[in-house]
1. Can you name every residue in the range 468-482 that is open to solvent by less than 60 Å² (accessible area, probe 1.4 Å) and closer than 13 Å to Met402 by Cα?
2. If I go through the range 210-236 residue by residue, how many of them are part of a loop (DSSP other than H, G, I, E, B) and open to solvent by 10 Å² or more (accessible area, probe 1.4 Å)?
3. Take the residues in the range 286-318 that are open to solvent by 40 Å² or more (accessible area, probe 1.4 Å) and within 13 Å of the ligand (Cβ to nearest atom), then tell me which one is farthest from Phe242 (Cα to Cα).
4. Kindly indicate the residue of the range 244-255 that is more than 19 Å from Arg199 (Cα to Cα) and buried (at least 24 other Cβ atoms within 10 Å of the Cβ) and also farthest from the chain's Cα centre (by Cα) among those meeting that condition.
5. Check off (1) assigned to a helix (DSSP H, G or I); (2) within 31 Å of the chain's Cα centre (by Cα) for Ile105 and give me the number that stays unchecked.
6. Which condition breaks for Ser332 when tested against (1) open to solvent by less than 10 Å² (accessible area, probe 1.4 Å); (2) more than 16 Å from the ligand (Cβ to nearest atom); (3) in contact with an Asp or Glu (Cβ under 9 Å, 6 or more places away or on another chain)?
7. Specify which of the listed residues (Met268, Met350) is more than 13 Å from the ligand (Cβ to nearest atom), surrounded by 14 or more Cβ atoms within 10 Å (Cβ to Cβ) and in contact (Cβ under 8 Å) with a residue 12 or more places away in the chain.
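The values are calculated or read from the model by the stated rules, or taken from the named source; none is laboratory data. Because the structure is a prediction, the values reported are computed rather than measured. We place every Cβ from the backbone using ideal geometry, glycine too, and count neighbours over all the protein chains shown. Note: accessible area is taken over every heavy atom of the protein model, side chains too, but ligands, DNA and RNA are not part of it. Shrake-Rupley method; radii C 1.70, N 1.55, O 1.52, S 1.80 Å.
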Amino acid sequence: MDFEVLETDLLGRIGRLEVKGKSIETPYLFPVVHPIKQQVSTKKIREIGFNGVMTNSYIAYRRARNESVERGIHDLIGFDGLVMTDSGGYQVLEYGEVEISYREIADFQAKIGTDIAVTLDKPTGDTLSRKRAAETVRKSLVDAIKTKKEFSGCGTEWVGPVQGGLFPDLLRKSATELVKAGFRFLALGSPVQIMENYRFSELVRMISEVRNAIPFSIPLHLFGAGHPLTIALAVALGCDTFDSASYILFARQGRYMTESTVLSIENMEYLPCSCEVCIKRSISEIREMERQERTSLVALHNLYILRNELLRTKQAIAEGRLWDLLHERASSHPSLMDAFISVALGASSMVDTTRVVKQRGLFIRSSIDFLRPEIQSSRKMLERCMRVDMKDAVIVPDEATMPLPRSIYSQLSKKFDVYRMHQCLGAYPAELEFTYPFTQTVAASSYFDMEFVLSEARKLVGMGYSNVFLLERKGKEYVKKRLTSKQDLKVFSPSALVP
Ligand SMILES: [Zn+2]
C-alpha cells in the first residue's frame, strides 16, 4: 500500500491511497454494499465516481462461502475498483457473538482477493465499563497481531482496528500497539450510538486521541461515519477514509439527506437537489412509488449528497478554507457547534499543517475565528518581528477606517514607530500592512473596539515605549491622542498596589 499526502489544511489532508495498482483519492467514503444483493448497483456506484466500496466478509462467508472463493469478491459484487472488507466485528454490536475465529475470517478474506481488509475486531461500543472496554481492546489487538503475522504475504492490506470506546488511554494504547505491530492503516471503531445521538464532541475527543498517538503518514479510517454533517469535521481532525451504509439505511426509512440535515420525505414539499434522481421527479412521485423502487432512488440521491460533501471538503482543503466549511456546518446543529468549539480550543495543534499564506483572505465571522490556526501563527510571527526603535509609538486605525496618505506616514515615522491596528491580530508594524494576512483578513466591523486598542497600547508600553498615541482625524487635521504611558503602567501595575 502506498499513501501519499498531497495537500493539508487543519489536520485534514488530500492524499492518494494505492493498493494493488488501484487507487482512491482521500478523503474518501467507501459506500457499503451487500455482498450478494445491492439496492444501488455497484455499476451505478462506480459511474457516479466512487472507485472503492466496502462489503462485509462475514455475510459473504455465511451466505456464499464457496461461490465467493471461486469467483473472488470483485466478480461476486461486480466491481473492479478497490474493495475493502469488514471482518464481522460490527455484527457483534448488532447480534451478539460472532461465531468465527480470526484465522477463519482472515483466510477467507485473503482467498476472495480483498484489497483492504480489517482484521477481526471486538467493538467496544459505548460501554461505560472500563473492564469490558479493556477486554475488547486486548482481544482485538491479539487477533490483529496474529492475523498480520500469519497473512501478511497474501497481497491483502490489513487494517488494524482501534478500539477503546470512550476511554482515551485505551484508545491510545490500542493505536500505538497496532503501529508497533507494523500496521500501516488503522480504523477507528466509533460507537454507533455516538453518531446516532449527535454526540459529536465525544467523537472529536476520540479521533483526536488516536490521531495524536499515531504518525502523520498513517491513514486513519473512521467506521460508519456516513452522516453528511460529520464528514468535514472528521476530515479536519485527520480522518482519511470512512465507510457507510447510511445512504441505504436512511433511504429505507424514507430519510432524504441534504448537505446540512436529513429530512423525512413524508414531510417534504420539494426536492432541493439537482442530482439525476431529483431533477426528473417531484416529491409526490417519489412518495407514491412502490417501496423498493423508492428506496433505491432515495439511496442513490443520498449517495450523491455524500459525494458532493466529499468534493466540497476536498475543495476546501485545496483552497485552505476547511475551517470556514466547518464553521458553516457547525451552524446547522447545536451539537455540531459544540464539537466545533472543542476543535477550535485545540486548534494550536493544527498550526503546523495549516498554510499561513492562502490564495484568499481569512474571514472572521465570530470570536471563535480568533482561534483559527492561521491567526495563531500570524500572531506568533508578529511577536517575532515587533521591535522598539523610537521612544514613542503611534497606533493608526485600520485602512478602512483611516486611509493614511504616504506624506503623513513619512512625517509620523520620523518621530514614532508606527503601528496599524487590526481587528483580530492587534497592533502590527505599519510597514507589514500589505503582507499576508494583515489586510487580507476581513472581520465584521463590530469587532473593532476601543477596549482592544487600549489593551494593545498597554502591550506596547510593556515592550518599552514611553508613550503610545492613537492617531485620530478631526476634519482635515490628524491629531494624536495619548492612550497610555509608562507612567500609567506604573500607576496601574499590580505591584503598585502592594504596600
Ligand atoms: Zn438528489
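1. Result: Leu470, Leu471, Glu472, Tyr478, Val479.
2. Qualifying residue count, the range 210-236: 8.
3. Looking at residues that are open to solvent by 40 Å² or more (accessible area, probe 1.4 Å) and within 13 Å of the ligand (Cβ to nearest atom), I get Asn308.
4. Out of the qualifying residues, it is Ala251.
5. Checking Ile105 against (1) assigned to a helix (DSSP H, G or I); (2) within 31 Å of the chain's Cα centre (by Cα), the one that fails is (2).
6. Checking Ser332 against (1) open to solvent by less than 10 Å² (accessible area, probe 1.4 Å); (2) more than 16 Å from the ligand (Cβ to nearest atom); (3) in contact with an Asp or Glu (Cβ under 9 Å, 6 or more places away or on another chain), the one that fails is (1).
7. Only one candidate passes the filter, namely Met350.
Rundown of residues vs (1) crowded, with 19+ Cβ neighbours inside 10 Å; (2) charged (D, E, K, R); (3) at pLDDT 95 or above, yes/no style:
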| position | (1), (2), (3) |
| --- | --- |
| Asp75 | no, yes, yes |
| Val83 | yes, no, yes |
| Gly96 | no, no, no |
| Ala106 | yes, no, yes |
| Lys111 | no, yes, yes |
| Ser129 | no, no, no |
